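The values are calculated or read from the model by the stated rules, or taken from the named source; none is laboratory data. Being a predicted model, the structure only gives us computed values, none of them experimental. All Cβ positions, even for glycine, are placed from backbone atoms using ideal geometry, and neighbour counts span all protein chains on display. Quick note on the areas: whole protein, heavy atoms, side chains included, nothing else; ligands and nucleic acids left out. Shrake-Rupley method; radii C 1.70, N 1.55, O 1.52, S 1.80 Å.
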Amino acid sequence: MERVVQFTGPRQVEVAEHPRAELPPGHLRVRTRFSGISAGTELTAYRGTNPYLTRTWDPDARLFREGAAGIQYPVAGWGYSEVGEVVEVAPELAGTPGLPRPGDLVWGIWGHRSEGVVPAERMIGHALPAGLEPLAGAFARVGAIAYNAVLAADIHLGEDVAVFGQGVIGLLTTRLAQLNGARVTAVDALDSRLETAKTYGAHHTLNALTDQVAESIRDATAGLGADLAIEISGAYPALHEALRSVAAGGRVVASGFYQGDGIGLRLGDEFHHNRVQLICSQIGGVPAQLSNRWSVERLQQTFLRLVAEGQVDVTSLVSHTIPAADAADAYALLDERPAAALQIVLEF
């Protein structure tokens, strides 16, 4: 039997069992070891706020359509940060260049399930880099999200960059921005995360609840403001403060997954008067100007290479490794006590 984590309604989680599927041609079977939970996108499905639960995405028009839900409960197998062992390969795939073989550890996306049946083309080049801890492979996707935001920011050596949100992706963004030559100010509402941000390369830290963030950033930059800001938390007030914090003509990369109406975001204020550039970064694609050289696949592979080389630490971000059978407890912890957790990983 295959075990699958699924949402049966808002804040309702169960681990269902399904008969093991036959392996179709052109596919691999992967037995899951670890599956990382996203504290952003995934919680929107857990809480019932994800737009796909109330509207349908039209990929041709690239618009959300009202009147029907794109997904419905139960939502099964959500998740996009898996690591596992290849246990079966369709016979006709033998000898395919770059394709992992039985016994290889691989990373990829097949959801919170004990086994994944994955198309072969999605697994070429997905063997875990030599010397990398298996747990680290669960960061390929979240690391790519952070990497994509840094590419969209177009950071230049010595620039002042503010990173709003210091959860897992925010901390990785801080580290990648620092590696890219930025002088980083990390912003969050939790002092514990700001302390961690210092170890990830933040030059300054500011508490969003107790500090005057935009004013402090301007004071630290001789009145100019940050050259750019990356907003990764998905909170509208944080996006508004990011817009307030950059210099006239500065740039803000919005990389969070914002939900509902934009309460707390006032585009008639500093955004309008300082002619701020607002850029969206979303893991469905890379910045258009880089698309001839970069891809989402390259983002993921390069990020894991940086981890394997010791330039980015990911395993210390894992605050909890929880058996998949207790997935409901994992989601409740992230939802109700975010200060107590960073990256939660389900172990199968």
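Considering the conditions (1) in a loop (DSSP other than H, G, I, E, B); (2) under 28 Å from Pro323 (Cβ atoms), Val142 is excluded by exactly one of them, (1). Restricting Ala254, Ala238 to those that are at pLDDT 95 or above, touching a Phe, Trp or Tyr at 6+ places or on another chain (Cβ under 6 Å) and closer than 24 Å to Ala39 by Cα reduces the list to Ala238. Of all residues in the stretch 207-220, those satisfying the criterion of being open to solvent by 20 Å² or more (accessible area, probe 1.4 Å) and not in a helix (DSSP H, G or I) are Ala208, Leu209, Thr210, Asp211, Gln212. Of all positions in the stretch 184-195, at least one carries a residue that is in a loop (DSSP other than H, G, I, E, B), free of Cβ contacts under 8 Å to residues at least 24 places away in the same chain and under 29 Å from Gln311 (Cβ atoms). Residues in the stretch 90-113 that are part of a loop (DSSP other than H, G, I, E, B), under 18 Å from Ile37 (Cα atoms) and open to solvent by less than 10 Å² (accessible area, probe 1.4 Å): Gly111, His112. For the stretch 16-48, residues that are hydrophobic (A, V, I, L, M, F, W, C) and surrounded by fewer than 18 Cβ atoms within 10 Å (Cβ to Cβ) total 3. Consider the stretch 68-83 and keep the residues that are part of a strand (DSSP E or B) and touching a residue at least 60 places away in the same chain (Cβ under 8 Å). The one that is surrounded by the fewest Cβ atoms within 10 Å (Cβ to Cβ) is Ala76. Within the stretch 91-121, the set of residues being small (Gly, Ala, Ser) and within 18 Å of Glu2 (Cβ to Cβ) comprises Gly108, Gly111, Ser114, Gly116.
Can you find a residue in the stretch 121-131 that is closer than 20 Å to Val345 by Cα, assigned to a helix (DSSP H, G or I) and modelled with pLDDT of 95 or more? No, the stretch 121-131 has no match at all. Taken together, Leu346, Leu299, Leu278 contain a single residue that is in contact (Cβ under 8 Å) with a residue 24 or more places away in the chain, at negative phi, under 18 Å from the mean Cα position of the chain (by Cα) and in a strand (DSSP E or B), which is Leu346. If the condition is being of a type in the set (S, T, N, Q), over 19 Å from the mean Cα position of the chain (by Cα) and assigned to a loop (DSSP other than H, G, I, E, B), then the stretch 1-56 contributes only Thr54.
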